[in-house]
């Protein structure tokens, strides 16, 4: 790739690899999980080598996701604390959705929507991990009662649906807001993008707060 | 069991296909276990192992006559012994535990693998092992704690009500082997009539609370008990007083499935509609100029990493 002297660095190579391991495992988990959630999606088990293989491999992908997401959490949680500007931004969400961001507060590395995606996935993945371990009969069958397993199944399914919805928002935002995707593919964004979407962060990056 | 039998299927797990219905509905069958006639000899257990080619590994002694201590992937029926002391009186309750073959089977409702659990038109609920993926959802669906997942092949096992024998007009192996005829087998209607005679007899002998265990919470069962204390089924080694499919399982396998898919589909459609109505959020040339101005011609000091 050619060096673009005007590009603004947003994600390190390590952060990008960390993100894509998480992304791939989340997609595989959604596919294998949905296969066992709804009968009309059972055919998705063919992607994983059949029903038994899907049942066996799903929790292991979950382990990969849990470790990988922990990496993302440690990298980014300090940048995702809620501020007053985020509350103002959320109150103007209607404008944002209508592509009218003028007059909104200048934002740091993340806007309120991104922060909600971050915290939402953090909480849901924690719930998915906990309930998933309870449902992982191969190793943990004897540690919980049947009623606890029933509750875990409900929590696991609800949390998974929540995580999939947040994932849709996350992916759509990257498609909708042009110039965003390259932050995770090439690691950089343009100056114009930085000025438009994350001006406070941009000022810090160029040393002119 | 396998499905290579001459029994029609009424319900099939995780399937939307309409089951075959042209053949005239077969008679609903039932096994009636008269607890008051059981002597605890375990001939039924031995017959079950023999007929189904099962070997129960040697277990451990748990201080009572239960052997093995509980249902296992290879012991699909187990005699459960309960001692009840009333003053100087000792009552020894012996119940043959195993699948109840619910008319509304929680295991079948919970199963995510198409055709791994079937209910035949005669009422028998059967696990079709080659379709089983070993997820253990049937364990969560069952109100009676019956299915067991094998550690050998991670598949679920339980009493088949000898569906292979019933399909060719034979009684289940346990009923055949019982020396006191405490286990009857026949049409469910006949079994209820027979149970009523037994209950009348028990009442005449002082068991005023004698009755039939055919719990309505699961639509009735195709294994029924004559109990001398039908007012308290839980006396008999924890037989549920009022078994029902757990509401958590009902929600998980009921409303949650279509609603979840609808919400996910809606989110996707909403995104698409947003894109074609509001359009992409693009950086303007003015933004690029402002960005360059702020950067002041300086190149990004950190470079790409």
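Values quoted throughout were computed directly from the atomic coordinates according to the rules given, and no laboratory measurement underlies them. Because the structure is a prediction, the values reported are computed rather than measured. Counting neighbours? That spans all protein chains shown, and the Cβs are built from the backbone with ideal geometry, glycine included.
Can you give the average number of partner chain beta-carbon atoms within 10 Å of each beta-carbon in peptide A:153-162, as a whole number?
Mean shielding by partner chains, rounded to a whole number: 4.
Do you know the relative contact order of the stretch B:24-135, to the nearest whole percent, from alpha carbon pairs under 8 angstrom that are 6+ apart?
Taking the mean separation of contacting Cα pairs over the length of the stretch B:24-135, I get 23 percent.
Enter the angle in degrees (range 0 to 90, nearest 10) between the Cα long axis of helix B:188-204 and the first principal axis of the Cα atoms of chain B, meaning the one along which they spread out most.
Taking the Cα atoms of chain B, the angle to B:188-204 is about 50 degrees.
So what is the relative contact order for chain B, in percent, with contacts set as C-alpha pairs under 8 Å and at least six apart?
22
I need the peptides B:217-226, B:9-18 ranked by packing, meaning the mean over residues of other C-beta atoms within 10 angstrom, with the highest value on top. Working shown, then result.
Numbers: B:217-226: 22.4, B:9-18: 16.9.
Result, highest mean Cβ count within 10 Å first: B:217-226, B:9-18.
On a C-alpha basis, how far is the centre of the stretch B:212-252 from the centre of the stretch B:118-187 in Å? Whole number, if you could?
Each part's Cα centre sits 17 Å from the other's.
Hey, got the average number of other protein chain Cβ atoms within 10 angstrom for residues in B:133-144?
5
Hey, got the average number of other protein chain Cβ atoms within 10 angstrom for residues in B:285-292? Don't skip to the end; give the middle numbers.
On the way: counts 1, 3, 10, 7, 3, 7, 13, 5.
For peptide B:285-292, the averaged partner shielding equals 6.
With angles folded into 0 to 90 degrees, how steeply does helix B:256-278 sit against the dominant principal axis of chain B? Use alpha carbons for both and round to 10.
Taking Cα atoms only, the helix is inclined about 10 degrees.
Take residue A:200 and residue A:24, extend 7 Å from each Cα along the Cα→Cβ direction, and tell me the distance between the two endpoints in nm.
The answer from the label model is 3.6 nm.
Percent relative contact order of the stretch A:1-138, based on C-alpha pairs within less than 8 angstrom and at least six residues apart?
Working: 80 pairs, mean separation 30.4, N = 138.
After rounding, I find 22 percent.
Based on the inverse mean of 1/r over its pairs of different Cα atoms, what is the Kirkwood hydrodynamic radius of the stretch A:76-178, in Å? Walk me through the numbers before you get to the answer.
On the way: mean 1/r = 0.0630 Å⁻¹.
Kirkwood radius, the stretch A:76-178: 15.9 Å.
Can you pull the percent of Cα pairs in the protein assembly as shown with separation above 38 Å?
44
Would you mind ranking B:191, B:79 so that the residue whose beta carbon has the fewest other beta carbons within 10 Å leads the list?
B:79, B:191
Taking the Cβ of each residue in B:145, B:34, B:231, B:88 as the centre, tally the other Cβ atoms inside 10 Å and list the residues starting with the fewest.
So the ranking, lowest neighbour count to highest, is B:88, B:231, B:145, B:34.
Using helices alone, I'd like the mean residue ellipticity at 222 nm for the protein assembly as shown: each DSSP H run of four-plus residues gives -39500 (n - 2.57), total over residue count, nearest 500. Kindly include the intermediate steps, with their values, before the conclusion.
Details: 19 runs with 229 residues, N = 514.
Estimated from H runs of four or more residues: -14000 deg cm²/dmol.
So if I take the centroid of the Cα atoms in the stretch A:109-139 and the same for the stretch B:12-83, what is the distance between those two points in Å?
Between the Cα centres of the stretch A:109-139 and the stretch B:12-83 lies a distance of 42 Å.
Mind sorting A:136, A:195 by how few other Cβ atoms lie within 10 Å of their own Cβ, fewest first? Let's see the in-between values first.
Working: A:136 18, A:195 24.
So the residues, fewest neighbours to most, are A:136, A:195.
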